[in-house]
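Undergrad: Pasting a structure here, questions to come.
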Amino acid sequence: MRLMGAGGLALALVMALVAMLASGLPAAAAVLLSPQTTMQPLGGHWSVLHDPSGALDIDDVSRSEAAVGFAPLAGDLAAGFDRGAWWLRTEIRRGPDAPADWLLEVEPAYLDQVGLFIEDERGTLRAFAAGDRAVFAARALPYRTLVFRVHLADDLPHRVYLRVKSTSTVSVAARIMSPEGFALNVARRDLAHGFAHGASIIIILFALVQYAAGRDRLYLGFLAYAIPLEAMYLALGGFASQFLFPETPLAADYLLGVSACLAIGGGIVFAARLLDFEQHFPRMDRVYLLAGRGCQWAALAVPLGFYGQAAPVVQSVVLLSFFVTTALAARRALAGDAMARWYLAAFFIQILVNMVVVARTLGLLVTPIEMDLAAHFAAGAHMLLIGYGLVWRGAGIEAGRHRARQLQLESAHQIERALEERVRLRTQELAESNATLAREITVRRAAEDRVKERETQVRAILDAAPFPMVVSSFPDGGIQYLNGPASELLNISAEAAMGARTVDFYVEPAERGALISQLHQDGAILGVELRIRRMPRMQRWVLLSGVRFSYRGQDCVLICLNDITARKQLEDMLRLSGRRAEAALEAERQAMREQRNFLAMVSHEFRVPLAIIEAASQLLGIYTGPDEDAGDEVAKIRRAVRRMSELIDVCLADDRLDASAMQLQTDHVDVARMLADICDDKRPFAGPRDLILDAPAPAGLEADSTLLRIAFSNLIDNALKFSPPDTPVTIGVRVEADAIRVRIADQGPGIAVEEQPRIFEKFYRSTKSDRVRGAGLGLYIVKRIMDLHGAAISVDSRRGIGTAFEIWLSRGRHA
């Protein structure tokens, strides 16, 4: 058995040495959650382990042997296109007063498989799974990103493991948030995403209108680039999984890869057409056409299962095209092409932001996940500048056509005047009549076009709005129109809604009367919270705003609905958590009251026997008379009784000071007189040590006499304990204009400099005081009593010379 024990010990030492040598970098810092924490990014707290085969499970990586393979990760994970699995590990600990329930969010939303393993209060690793390959309804929290609920039952460190595996690029950014922080973060990010998607959709619709009006094929090239680009950002942000394909996650996963290949290929081909490579750079035109079509054909690799191999090539091509296109656009701009300046600005914005995102996608650079949103905004600005350039180009073409028509018209007039001089006056009259009629027709057509364009724009804006919009007649409330998000919210098709009335969707129909009155009075309502029906029998909370306007010649109301059901549910959860916290706090207060009552009872039960022992020792001293041996034993009994009484006083004082409702019971105190009484009480027990009091004048102030006596008694006892025999303890009292200074000094061994900052801590005892009895409460109680009186205490101690405590008591309330 001894040989087996020695062998096991040697094996453990070898394994520990191997672990120390293998961990070349310091361990990642644990995450501490405080009550003030609303959002804590986990970047910089991870350790990472690469599993190329994907065969390791949680039992493998959680063993100490496998833990050696984890390496600290400086920030977020950016591993590029990798078919293996990646393990991330950290520790999370909440503070004593921090809440137990948290939310852990993992981005990006397009990761195929994300497994969370978190250690519970029994040390067991609990498993949770998520990813865009699972149906949306299976998620722990119905949100577009991957969110896990985390429960920390105690304030001990909890191990956390993440296993990530994806056919797309492996990039992980995680953060842990309180429910309040998650709600605020969701509101901010979704608002920004809404702006970005709304702007992109408006630009796409504008391009469609421009193509329908002018049949310019360059707009088709722009749409072949812009539409897949917008679809890519919908999939990239998780909106496709949440709104487009919640029941078919594979379709949402394929949408990201397919739209990325189509957008990159369409963008390369469009750039060649936009900058007219065929005329100015014919060789580069063939290269761009081949590269663009190749990237578009690469979209077939997604359903065939080869996207992991095709994606790095496509991403590298687009990164190279950024630089080449910008350089060629700059060359055209320097050659005097005014249109190329707009395109140069558009491509420069793309290269400025997207090359960083592409580099992270390829695993070349670690960048914040927020760069995806910045890239989306950059893409919107990029498309806006290109659209403006296309409009400017179309205006130039139209101006050229107009000048050609003017020249043709002038030539026709000259020929007509030369051939028909005899009928010049009649011809002139007819020309003037035709010109007048043409102007009237032109003005009428322009007015009709403006009306049609305005109606088209209003309808396009309502269709493109990412939030629910409803148009109803006023004041009867007949529904005239509702967009897609509104149809989804109310669970009714647009065709079925045309015969309905708004009152049918109120949970409390009486609420509509107040809203109608406000619309009559102000013409608008803003931010009204109410419940509506979601057909056939569900209810949802919404934030309703409305404004009166004219629609198709009728007086109508434009209603905007914002679904706040999730917020209301979170508010109910917060109220429940608050009631639970109040109950726990009351239980703790009851326990403290019982503890104080018990301590008071025990101290009372101790004092009665101690008083009997003290009286008996005095009688023994009288009866024994001059017997020195018996007198020494009686003195020992009296000293033991005195130490026990002092310990009870210290404990009672500590309990009184710890009470949350502690209040001073002040009266007039003469500090000099109090110290004299204390010295008289201490001298019989001081032995060969003398107590010297230097108090030339009365020193009166307002203070709690009981607490002040305990503080001075503790300081004098300490001085007597540590003073060598035949050395005095001096107490000095000085009265100043605004304060009273008390100095208590001994000639003991002194206190080490490194220990002086800690002597006022509770239960702290110096390493040099092992031979002296004590509980480690005396100086702690003195400091607490001085703090309650607004007084200051300092220590001056040198080794081998002695220690002096000096107290400064304010006379602000002295009599």
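The values are calculated or read from the model by the stated rules, or taken from the named source; none is laboratory data. Please read all numbers here as calculations on a predicted model, not as lab measurements. Glycine gets a Cβ as well: all are built from the backbone with ideal geometry, and neighbour counts include every protein chain shown. Ligands, DNA and RNA are excluded from the accessible area calculation, which covers all protein heavy atoms including side chains. Shrake-Rupley method; radii C 1.70, N 1.55, O 1.52, S 1.80 Å.
Undergrad: Would you mind listing how long region 69-123 runs along its three principal axes, going by Cα atoms, in whole Å with the largest first?
TA: Principal extents (Cα only, largest first): 42, 27, 23 Å.
Undergrad: If you take the C-alpha gyration tensor of region 539-590, multiply each eigenvalue by 5 and take the square root, what semi-axes do you get, largest first, in whole Å?
TA: After diagonalising the Cα gyration tensor, the semi-axes are 46, 9, 5 Å.
Undergrad: Rg(Cα) of region 407-463 divided by 2.2 N^0.38 Å?
TA: Working it through for region 407-463, the quotient is 1.87.
Undergrad: Continuing with this model, one more query. Run the simple label-point estimate for residue 446 and residue 545 please: 7 Å along Cα→C-beta, distance reported in nm.
TA: 3.5
Undergrad: Now for a different question. Of all the C-alpha pairs in region 94-250, what % are more than 19 Å from each other?
TA: So the pairs more than 19 Å apart make up 63 percent of the total in region 94-250.
Undergrad: With only alpha-carbon atoms in the gyration tensor, what are the semi-axes of the equivalent ellipsoid for region 696-756, in Å, largest first?
TA: Those come to 25, 14, 13 Å.
Undergrad: Tell me the label-point distance for the pair residue 685, residue 135, using the 7 Å Cα-to-Cβ offset, in nm and rounded to one decimal.
TA: Output for this residue pair reads 7.9 nm.
Undergrad: If you don't mind, there's one more thing I want to ask. I'm checking a number: the convex hull volume of the Cα atoms of region 472-547, normalised per residue, in Å³. What is it?
TA: 84
Undergrad: Using a Förster distance of 30 Å, how high is the FRET efficiency between residue 516 and residue 577, based on the Cβ-Cβ distance and rounded to 0.05?
TA: Here the calculated transfer efficiency is 0.20.
Undergrad: Would you please name the trypsin sites (Lys or Arg not before Pro) within region 55-119 that are DSSP coil residues with at most 15 other C-beta atoms within 10 Å of their C-beta?
TA: 63, 83
Undergrad: Test of understanding: express the Cα radius of gyration of region 328-370 as a ratio to 2.2 N^0.38 Å, with N the residue count.
TA: So region 328-370 has a normalised radius of gyration of 1.52.
Undergrad: Next question, about the same structure. Throw me the Rg/Rh for region 223-320, computed over C-alpha atoms with Kirkwood Rh, two decimals.
TA: The Rg/Rh ratio comes out at 1.04.
Undergrad: I've got another one for you. Tell me, what is the 1.4 Å probe accessible area of residue 492, in Å² to the nearest 10?
TA: Roll a 1.4 Å probe over it and residue 492 shows about 30 Å².
Undergrad: Using a basic spin-label model with each label point 7 Å from the Cα along Cα→Cβ, how many nm lie between residue 155 and residue 251?
TA: For residue 155 paired with residue 251, the spin-label model returns 5.1 nm.
Undergrad: Also: For 58, 202, give the ranking by accessible area with the largest first, probe 1.4 Å.
TA: 202, 58
Undergrad: Evaluate region 382-527: find the radius of gyration of its Cα atoms, find its Kirkwood radius, and give the ratio Rg to Rh.
TA: Reported Rg/Rh, Kirkwood definition of Rh: 1.27.
Undergrad: With 17 Å as the cut-off, how large is the P(r) tail for region 284-365, expressed as percent of Cα-Cα pairs?
TA: 56
Undergrad: So if R0 is 41 Å, what FRET efficiency would residue 430 and residue 213 give, r being the distance between their Cβ atoms, rounded to the nearest 0.05?
TA: Efficiency, rounded to the nearest 0.05: 0.80.
Undergrad: If you count only protein heavy atoms and use a 1.4 Å probe, how large is the accessible surface of residue 364, to the nearest 10 Å²?
TA: Approximately 130 Å² for this residue.
Undergrad: Then there is this: Per 5 Å bin, what percent of the C-alpha pairs of region 158-253 does each bin hold, from zero upward?
TA: The percentages, shortest bin first, are 2, 10, 14, 16, 18, 16, 10, 6, 4, 3, 1, 0, 0.
Undergrad: Between residue 278 and residue 705, what length in nm is gained on full extension when 0.36 nm per residue of separation is reduced by their alpha carbon distance?
TA: The residue 278-residue 705 span can extend by a further 143.7 nm.
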